[in-house]
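Novice: Once you've had a glance at the structure underneath, I'll fire off some questions.
Rule-based calculations on the coordinates, nothing more; no lab input. Bear in mind that the values here come from a model prediction, so they are computed numbers and not experimental data. Cβ: placed from backbone, ideal geometry, glycine included. Neighbour counts: every protein chain shown.
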Amino acid sequence: MHDKTLCVMRPEVSHEGFASLAVPTYRASTIVFKDAKSYADRKYRGPDGYSYGLHGTPTSRTLEAALTELERGVRTVLVPSGQAAIALVMTTVLMPGASVLIADTAYPPATGFCENFLKPRGISYKVYDPMIGGGIAELMDPTVKLVWTESPGSTTMEVQDIPAIVAAAHAGGALVACDNTWATPLNFKPLDHGVDFSVEALTKYVGGHSDLLMGSVSVRELPQQRRLKDTMRMMGIGVSPDDCALVLRGLETMGVRLAHCAAVAIDFAQRLAELVPAHLVLHPALEHNPGHEFWKRDFSGASGVFSLIVPPAAEEALPDLLTAAKVFSIGASWGGTHSLLAPMNVTGDRSVTASVHPGTILRISIGLEDPRDLWTDLLPIARAIADSLHNETLHQAEAPSP
């Protein structure tokens with residue numbers, strides 16, 4: 001062969017005696033075939049076969065298989081983000097004239113997708129109280145094809161009675177999806193409780209290092225994977241093998257990272273509940289938290305994310321206290337090695353939940369820093385809340401009677 005051909009053609013190299021613990025990163029747009037007939041028959045390879053790089057390489061298949069085993073499902077599909085996973089399930093299941101029931105505590109862009117994308121296309125939605133449990137049967141009608149759950153709820157940490165919701169939804173002819181990002185499949189397995197689609201933002205605990213975006217959907221029955229893959233193929237949705245390799249690397253340490261973050265978060269939640277009124281601390285492991293009994297019954301553990309309600313009297317001091325933090329960073333997302341603080345106001349995102357707290361809710365994500373340094377950042381915030389409530393009480397006591 002001539003030199004220019006040799007530059008393109010790769011020589012065969014023996015793999016004998018080589019073994020690595022790392023998953024190889026297979027990059028491909030083109031998939032080559034051994035003969036013309038194999039190429040002509042490529043469509044018969046099915047959603048698990050290799051036909052074009054967009055639809056998967058051995059690297060992405062390895063990640064899919066690993067997640068499927070953790071989720072105790074039959075298949076998993078990968079998409080570019082957690083929000084993409086939400087959109088994929090909804091666009092696959094819902095057709096014009098159908099409707100979806102969505103928990104009031106769901107990730108706000110999920111409800112935004114219903115309002116701004118689905119609704120103009122003839123697909124309606126209704127928001128329900130996340131603590132409704134089996135009472136969701138009263139909201140079922142022939143148009144409801146999907147019930148969306150998120151447990152615990154984004155920011156406000158309500159834990160849903162998933163088995164009761166699943167039973168009512170299935171009896172009414174609807175499928176059920178669960179955003180399981182907070183717990184990860186290590187602490188809760190939605191498919192074991194009858195959920196049809198378990199959705200994860202791999203961006204967070206699975207990837208674990210705040211440097212990638214990816215989502216996944218694991219299914220309990222094979223036909224659902226086929227439906228999802230058909231939608232992905234028509235919309236040209238795929239993921240990078242390099243990102244899959246990073247997620248696979250993060251997955252290896254997720255167990256120890258999550259256990260550490262959970263232990264520190266529970267310790268901090270309990271300490272905060274001693275410094276401020278306990279109801280201001282939102283963590284599923286605390287007895288006063290809405291749905292604590294469901295968390296205790298269905299979950300095997302917790303994660304490192306919880307919230308602290310900031311009373312109006314303390315809100316003015318909060319920005320300076322956040323800025324003064326030495327170890328915590330201020331930012332959205334969570335589940336990485338760095339601890340984060342995110343001041344949230346969910347009032348505008350909720351419409352039916354009676355327990356929504358007006359004003360700021362501080363979402364706390366615990367990372368891998370030394371807990372002593374993290375507590376040094378949190379303590380002034382807790383003291384400011386306690387002092388503001390004390391001063392407010394004194395002011396009310398000193399106010400003249402009407």
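Novice: Rg and Dmax of region 234-275, using alpha carbons, in Å: what are they?
Specialist: Expressed in Å, the Cα Rg and Dmax of region 234-275 come to 17.5, 54.
Novice: Let me ask you something else. Please express the shape of region 84-188 as an equivalent ellipsoid: the semi-axes are the square roots of 5 times the eigenvalues of the C-alpha gyration tensor, given largest first in whole angstrom.
Specialist: Result for region 84-188: semi-axes of 20, 16, 12 Å.
Novice: Still on this structure: If exposed means no more than 12 neighbouring beta carbons inside 10 Å and the site is in a DSSP loop, what's the longest run of the chain without any exposed trypsin sites (Lys or Arg not before Pro)?
Specialist: Answer - 35-325.
Novice: Binning at 10 Å from 0, report for the chain what percent of all alpha-carbon pair distances ends up in each bin.
Specialist: 5, 21, 28, 23, 13, 6, 3, 1, 0, 0, 0
Novice: Please compute the contact order of the chain in relative form: average sequence separation of alpha-carbon pairs under 8 Å and at least six residues apart, divided by the residue count, as a percent.
Specialist: The normalised contact order for the chain reaches 16 percent.
Novice: Amide H to amide H, which residues 5 or more places from Tyr107 or on other chains are under 5 Å from it, using H placed in the peptide plane?
Specialist: Ser154
Novice: Within the chain, what is the longest stretch that has no GluC sites (Glu not before Pro) placed in a DSSP loop and near at most 11 other beta-carbon atoms within 10 Å?
Specialist: Here the longest run is 17-286.
Novice: Multiply the residue gap between Arg249 and Ser29 by 0.36 nm, knock off their C-alpha separation, and tell me the result in nm, one decimal place.
Specialist: The span from Arg249 to Ser29 would gain 76.9 nm if fully extended.
Novice: State, to one decimal in nm², a quarter of the convex hull surface area for the C-alpha atoms of region 286-334, i.e. the direction-averaged projected area.
Specialist: Result: 5.1 nm².
Novice: Indicate the helices, whole DSSP H runs only, in the chain that combine a mean Kyte-Doolittle hydropathy of 1.6 or more with a Cα extent along their long axis of 15 angstrom or more.
Specialist: none
Novice: So, one more: So if I take the alpha carbon set of region 20-248, get Rg, then get Rh from the Kirkwood formula, what is the Rg over Rh ratio?
Specialist: My calculation puts Rg/Rh at 0.99.
Novice: How big, in percent, is the set of alpha carbon pairs in region 140-217 lying more than 19 Å apart?
Specialist: 38 percent
Novice: So, one more: Which whole-number percent of Cα pairs in region 216-365 have a distance greater than 18 Å?
Specialist: The calculated P(r) of region 216-365 puts 70 percent of pairs beyond 18 Å.
Novice: Also: Quick one: 3J(HN,Hα) in Hz for region 203-217, Karplus 6.51/-1.76/1.60 with θ = phi - 60°, rounded, Gly and Pro as x.
Specialist: Computed from phi, the couplings for region 203-217 are 3, 8, 5, 5, x, x, 9, 6, 10, 7, 10, 6, x, 9, 10 Hz.
Novice: Ignoring solvent entirely, what values of log10 I(q)/I(0) come out of the Debye formula for region 252-312 at 0.18 Å⁻¹ when each Cα is a single scatterer?
Specialist: Those come out to -0.64, one per q.
Novice: Sticking with this one: For a 31 Å ceiling on Cα separation, which of these pairs sit above it: Lys119/Lys204; Lys37/Lys145; Lys229/Lys296?
Specialist: With Cα atoms farther than 31 Å apart: Lys37/Lys145; Lys229/Lys296.
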